[in-house]
1. Calculate the FRET efficiency for residue 320 and residue 412 from the Cβ-Cβ distance with a Förster distance of 45 Å, rounded to the nearest 0.05.
2. I'd like the distance separating the alpha-carbon centroids of the range 344-385 and the range 213-291, in whole Å.
3. Grab the beta carbon distance between residue 147 and residue 33, set R0 = 60 Å, and tell me the FRET efficiency rounded to 0.05.
4. Express in nm, to one decimal, how much length is gained between residue 247 and residue 60 on full extension, taking 0.36 nm for each residue of separation and deducting their alpha carbon distance.
5. Hey, could you grab the Kirkwood Rh for the range 44-251? Inverse mean 1/r over distinct alpha carbon pairs, Å, one decimal.
6. How much mean residue ellipticity at 222 nm does the chain get from its helices, if each DSSP H run of length 4 or more adds -39500 (n - 2.57) and you divide by all residues, to the nearest 500 deg cm²/dmol?
7. Distance between the C-alpha centers of the range 326-341 and the range 114-188? Whole Å please.
8. May I ask for the percentage of alpha-carbon pairs in the range 252-403 that lie more than 26 Å from each other?
């Protein structure tokens, strides 16, 4: 009986071991365990700029820059595009090599000089020959010369912040970058220099990041009609909005207007707030509501409704601050708004706690007869037939109506 009991006990132990109960084998060799390591979260942020520090200078492509405002002034863009794209075949000065080179340096050459200035190279050097000008391209810095090394003069660089997603957000320079983007030798891959104004990549969400941007005055969440938008409604790309760039920036006519009043109604002061021109625009809308100035729609500015002659009709400002000449042309619009800006008191509030003095308001009595105002709609030919720089509005409207001067029709539209 004892022998049978022992056999039954042995069988029970063996069966227990078979079904995997612990303690059946003194050896550790067969007790292998699988250790599961938890997956590390993947950092999906753009890694290229995460370590950027305030005041660092970055060389990037225009496509790396993201908008922080809803719109731009197309006429300001058209002015630069109209001026920079001179006509290589223009007959006006073909018989005078010196004047032709002068004309091309004032137009095509100005493009390179502006690029040098905006990219921290102070300004460009004039080209000595037409052939050198023809070979020059923004995409190849070896083909043109700046007075200083690109990126070296940091105070003139446009600014960016590093976002919650590691991407770069442009806080100044939407017009400048769009101008270069729209050029044949520019484009989204053009290399540009920018200065870091802050690194907010420690923001854990988009909401947190954009709240910080708005609080710091580094975003302007309004569209082209000065209506409030959310950050998700901002354009996805720089550049003019078009069928080829449906996510580009929409037009804000009043933003162009502010630009044309520069050095007439106001001047851009050192250390000015980001989006200062939009603060003036917001004030414009309040003055329109108060009946202090006509809306832009009251002026003849639309090339689809009015002739170039009507739009570019000359206006002057008398000592009495009354207007002489056209009351409805583009220059008249600039006059009305410049008088409004230049008649403010230094302590008048323009936006938030910003006073007219803070915003650079000028005394209209000292600027009403200035070249900055009088030359706005002038052509690019002097009375003696020699070349000169045309007016900002003249370039803007001519380019918008005529495009690049490249054939008989477009050249006739430009006037040569």
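Bear in mind that the values in this text are calculations on the coordinates, not laboratory data. Since the model is a prediction, treat every value here as computed from it, not as a measurement. Note: ideal-geometry Cβ built from the backbone for every residue, glycine included; neighbour counts use all protein chains shown.
1. Once the sixth-power term is evaluated, E becomes 0.65.
2. If we compute the Cα centre of each part, the gap is 19 Å.
3. On the way: r = 71 Å, r/R0 = 1.18.
With R0 = 60 Å, the Cβ-Cβ based efficiency is 0.25.
4. Details: separation 187, 0.36 × 187 = 67.32 nm, distance 2.05 nm.
So the chain would gain 65.3 nm between residue 247 and residue 60.
5. On the way: mean 1/r = 0.0550 Å⁻¹.
So the Kirkwood estimate lands at 18.2 Å.
6. Calculated mean residue ellipticity at 222 nm is -9500 deg cm²/dmol.
7. The two parts, judged by their Cα centres, are 32 Å apart.
8. Roughly 25 percent, once rounded to a whole number.
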